[in-house]
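Okay, so here's the structure we're looking at.
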Amino acid sequence: MPDIVLDRYHSGAWHIAPDGGDASAAPEEKYLGHLADLTEVLGEHLGEVTIGAIDAAWEADALDGADLLVLTLPTADEPPLRARDLELLRGHLTAGRGLLVLGGSAVDTVPCELSGLVPGLVLDPGFVSVRRQPPAGHLLTYSVSAEALPGHPVTEGVEELYLHRARSLTLTGSAVTGIAARDGRLLAAAGEVGAGRIVVVGGGELFALPFLGRADNARFLLNTLSWLLTGQYAPAGSELAKTVTHERCFTVRSFPPEEDLAQVEGPHVVDARPYRSLLERIGGGLLPDPYRDQAAFLVEAELRFDEMPRVIREAVTTFRHRSNDYEGLLVRGLPVDAELPATPADPGRRVDKPTWLSELWLAGFASALGFPLAYLQEKHGLLFQNVAPTPHNAANLSSESSAILLDFHTETAFHPHMPDFLMLHCLRSDHDGIARTILASVRMALPHLSLADRCELFLPQFRTGVDFSFGSANGVQGNGPTLPVLYGNPYDPYMTFDLDLMVGETPHAQQALEALRSAVNKVRRWVRLSPGDLLIVNNRRAVHARSEFPARFDGRDRWLQRVCLVSDPVPSAADRRGSGRVVETAFAV
């Protein structure tokens with residue numbers, strides 16, 4: 001029964017947020033916290049494999065029973081490898097056991113001379129970088145592809161590796177040989193030391209969940225573990241690797257099964273109803289006209305938001321900084337305008353109301369989240385957009401629809417100045433009270449995707465469509481820009497996705513899109529908005545949808561007001577006239 005032991009004392013690189021852990025933590029962190037899930041796959045080749053861990057300072061017998069020790073080199077603020085620890089490692093190898101050493105990917109990883117274990121082997125302090133071709137952002141990136149060097153069991157069937165961040169190895173002795181390189185710089189080495197076997201890799205993130213599906217990383221990992229345990233590569237490595245990358249989904253966290261977010265306790269809901277008297281005072285008195293004197297109105301709204309109860313302001317600020325698992329914040333029970341006119345028959349036009357409470361709440365909350373803006377093609381450039389059903393758009397892919405499901409989408413996914421947040425404030429519910437606003441967060445969807453699909457979704461190979469309201473023919477797919485679906489921090493990514501209007505440019509890309517379609521539907525959560533409810537959606541972390549509902553077009557139909565906002569107004573400044581709020585980007589469709 002081979003035993004793999006993870007050293008979790010010298011490095012926190014193994015951490016995975018457990019069930020019931022900090023809800024604000026990223027759902028996946030660090031390198032090999034999922035390795036235990038791979039034992040089932042390994043067992044098909046090696047027989048039963050068990051996983052253990054060392055969580056305390058090493059005692060004399062710390063490595064006893066470890067057929068294979070996996071060691072991630074510590075960072076500057078983690079316990080260093082002492083002389084006694086190195087002596088135990090040498091004894092481990094002398095006893096004929098396996099050792100996998102992973103160079104830390106953190107910037108402050110302590111440079112480590114491994115010559116105490118392997119004569120002539122040193123982990124270089126700097127990252128290996130390559131020049132990135134314009135116009136792709138930074139000139140340098142730590143992400144590199146590496147060529148697998150033939151002639152060693154670990155590289156059998158392996159051609160290319162993908163390392164998110166890695167340090168190179170300097171090798172002057174002959175105890176180990178290079179097994180992967182980039183531009184003449186070694187990134188991995190393997191060999192026999194005494195009676196034992198050792199593999200050293202310049203960065204451990206190639207074995208992490210976001211990257212294990214890239215290139216031949218999974219085959220390389222399986223070969224490495226097999227060789228360190230048995231002295232042979234995995235003879236069925238290709239099939240095992242395919243099982244890992246295409247069939248395995250590593251579930252790290254669980255979420256309450258309740259779909260109605262209003263019924264789930266947590267920081268995603270804040271109840272404003274206990275503060276009604278205070279909120280009515282904040283909303284009372286004269287206000288500038290939000291349509292004729294918008295600048296003065298926005299200033300006044302921001303000042304009045306500062307008078308809000310601390311519990312509400314704290315919830316909004318926390319959501320802006322840390323978000324939550326559902327990527328939505330529901331504020332329940334804000335005071336509503338006492339005299340509400342008929343639901344607008346033309347949502348693209350402003351509506352005169354005796355009071356401006358709904359606009360006040362939208363502008364005030366927007367001031368705590370970022371910079372509210374409008375789009376020229378959307379509702380004629382209104383900042384406070386009316387969302388209501390119309391007969392001529394009842395079955396179109398439009399916010400004015402009612403007879404069809406408006407399926408999952410990122411708001412204006414095609415736009416270069418896509419909003420970071422979207423706010424929906426309910427003035428009037430639908431007649432039957434059945435309309436659902438639906439959310440699906442990327443954090444919840446990721447565990448339902450195979451590693452291969454996740455890697456495809458990070459590549460810029462998806463074309464989204466331009467929305468109907470921006471001039472596109474209804475239902476036209478892929479007439480917008482090419483972009484990745486997942487981007488940003490690989491461990492906790494952002495997402496841009498439009499289920500109806502996005503297509504993959506390759507068969508594998510389209511397959512990944514279909515997998516994401518399935519994943520977001522598995523994790524869908526919803527709310528039924530009542531008058532006075534305000535829903536804030538993190539537009540870069542969640543997709544949203546709306547169920548179909550019967551509309552009567554009698555002036556009493558469902559009526560929401562919507563505001564889009566960005567965290568940073570600078571990127572859109574060139575597309576806004578003067579200091580205005582209306583983005584005038586033109587689209588050729």
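The values are calculated or read from the model by the stated rules, or taken from the named source; none is laboratory data. Since we're looking at a predicted model, the values are computed, not measured. Every residue, glycine as well, gets a Cβ built from its backbone with ideal geometry; the counts of neighbours run over all protein chains shown.
Things to note:
- Taking first residues from the range 259-274 that are more than 21 Å from MET444 (Cα to Cα) and partners that are among the charged types (D, E, K, R), the Cβ contacts under 6 Å between residues at least 6 apart in sequence or on separate chains come to ASP271/ARG332.
- Candidates GLU205, GLU192: the one that is under 23 Å from VAL49 (Cα atoms) and either in contact with an Asp or Glu (Cβ under 9 Å, 6 or more places away or on another chain) or surrounded by fewer than 20 Cβ atoms within 10 Å (Cβ to Cβ) (or both) is GLU192.
- Failed item, numbered, when ASN396 is tested on (1) under 22 Å from ARG292 (Cβ atoms); (2) surrounded by fewer than 22 Cβ atoms within 10 Å (Cβ to Cβ); (3) not β-branched (Val, Ile, Thr): (1)
- Scan of the range 485-541 for residues that are basic (Lys, Arg) and either part of a strand (DSSP E or B) or touching a Leu at 6+ places or on another chain (Cβ under 9 Å) (or both), ordered by number: ARG517, ARG524, ARG525
- Lone qualifier among LEU369, LEU334 - being farther than 22 Å from TRP559 by Cα, in contact with a helix residue (DSSP H, G or I) (Cβ under 9 Å, 6 or more places away or on another chain) and among the aliphatic types (A, V, I, L, M): LEU369
- Scoring HIS164 on the criteria (1) buried (at least 24 other Cβ atoms within 10 Å of the Cβ); (2) within 30 Å of the chain's Cα centre (by Cα) leaves a single failure, condition (1).
- Here ARG253 qualifies as surrounded by 20 or more Cβ atoms within 10 Å (Cβ to Cβ), in a loop (DSSP other than H, G, I, E, B) and touching a Gly at 6+ places or on another chain (Cβ under 8 Å).
Condition check ((1) touching a residue at least 60 places away in the same chain (Cβ under 8 Å); (2) over 21 Å from GLU548 (Cβ atoms); (3) touching a Phe, Trp or Tyr at 6+ places or on another chain (Cβ under 9 Å)) across all residues:
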{"position": "ALA395", "(1), (2), (3)": "no, no, no"}
{"position": "ALA413", "(1), (2), (3)": "yes, yes, yes"}
{"position": "SER429", "(1), (2), (3)": "yes, no, yes"}
{"position": "ARG436", "(1), (2), (3)": "yes, no, yes"}
{"position": "VAL442", "(1), (2), (3)": "yes, yes, yes"}
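- Spans of helices (runs of 4 or more DSSP H) in the range 271-380 with at least 2 residues assigned by TED's automatic domain parsing to the domain that holds SER429 and under 30 Å from the mean Cα position of the chain (by Cα): 310-322, 357-369
- When the residues of the range 406-416 are filtered to those that are under 19 Å from the mean Cα position of the chain (by Cα) and not hydrophobic (A, V, I, L, M, F, W, C), the one that is surrounded by the fewest Cβ atoms within 10 Å (Cβ to Cβ) is GLU411.
- Residues that are assigned to a loop (DSSP other than H, G, I, E, B) and either more than 28 Å from GLY91 (Cα to Cα) or in contact with a Pro (Cβ under 7 Å, 6 or more places away or on another chain) (or both), drawn from the range 143-179: SER143, LEU149, PRO150, GLU156, GLY157, VAL158, GLU159, HIS164, ARG165, GLY173, ALA175
- All of VAL582, VAL537 fail the test of being aliphatic (A, V, I, L, M), buried (at least 23 other Cβ atoms within 10 Å of the Cβ) and under 27 Å from ALA345 (Cα atoms), apart from VAL537.
- Qualifying residue in the range 417-439 (condition: touching a Lys or Arg at 6+ places or on another chain (Cβ under 6 Å), under 25 Å from THR482 (Cα atoms), surrounded by 23 or more Cβ atoms within 10 Å (Cβ to Cβ) and of a type outside the set (Lys, Arg)): yes
- Per the conditions (1) touching a Leu at 6+ places or on another chain (Cβ under 8 Å); (2) at pLDDT 95 or above; (3) surrounded by fewer than 23 Cβ atoms within 10 Å (Cβ to Cβ), the sole criterion not satisfied by SER547 is (2).
For every residue, the table says whether it meets (1) more than 22 Å from PRO125 (Cβ to Cβ); (2) assigned by TED's automatic domain parsing to the domain that holds ALA13; (3) not in a helix (DSSP H, G or I).
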site: ALA181; (1), (2), (3): no, yes, yes
site: ALA189; (1), (2), (3): no, yes, yes
site: VAL199; (1), (2), (3): no, yes, yes
site: LEU209; (1), (2), (3): yes, yes, yes
site: ASN223; (1), (2), (3): yes, yes, no
site: SER226; (1), (2), (3): yes, yes, no
site: PRO235; (1), (2), (3): yes, yes, yes
site: GLU239; (1), (2), (3): yes, yes, no
site: LYS242; (1), (2), (3): yes, yes, no
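- Given (1) free of Cβ contacts under 8 Å to residues at least 24 places away in the same chain; (2) at negative phi, number of the condition GLY578 does not satisfy: (2)
- Selection over the range 208-242 of residues that are closer than 18 Å to GLU48 by Cα, in contact with a strand residue (DSSP E or B) (Cβ under 6 Å, 6 or more places away or on another chain) and among the hydrophobic types (A, V, I, L, M, F, W, C) gives a count of 2.
- Test for LEU357: is it surrounded by 14 or more Cβ atoms within 10 Å (Cβ to Cβ), aliphatic (A, V, I, L, M) and touching an Asp or Glu at 6+ places or on another chain (Cβ under 7 Å): yes
- For the range 550-579, filtered to residues that are under 30 Å from ARG428 (Cα atoms) and among the basic types (Lys, Arg), the residue that is surrounded by the fewest Cβ atoms within 10 Å (Cβ to Cβ) is ARG552.
- The set of residues in the range 202-216 that are among the hydrophobic types (A, V, I, L, M, F, W, C) and modelled with pLDDT of 85 or more comprises LEU206, PHE207, ALA208, PHE211, LEU212, ALA215.
- Within the range 73-96, being surrounded by 18 or more Cβ atoms within 10 Å (Cβ to Cβ), not hydrophobic (A, V, I, L, M, F, W, C) and not in a loop (DSSP other than H, G, I, E, B) holds for THR75, ASP85, HIS92.
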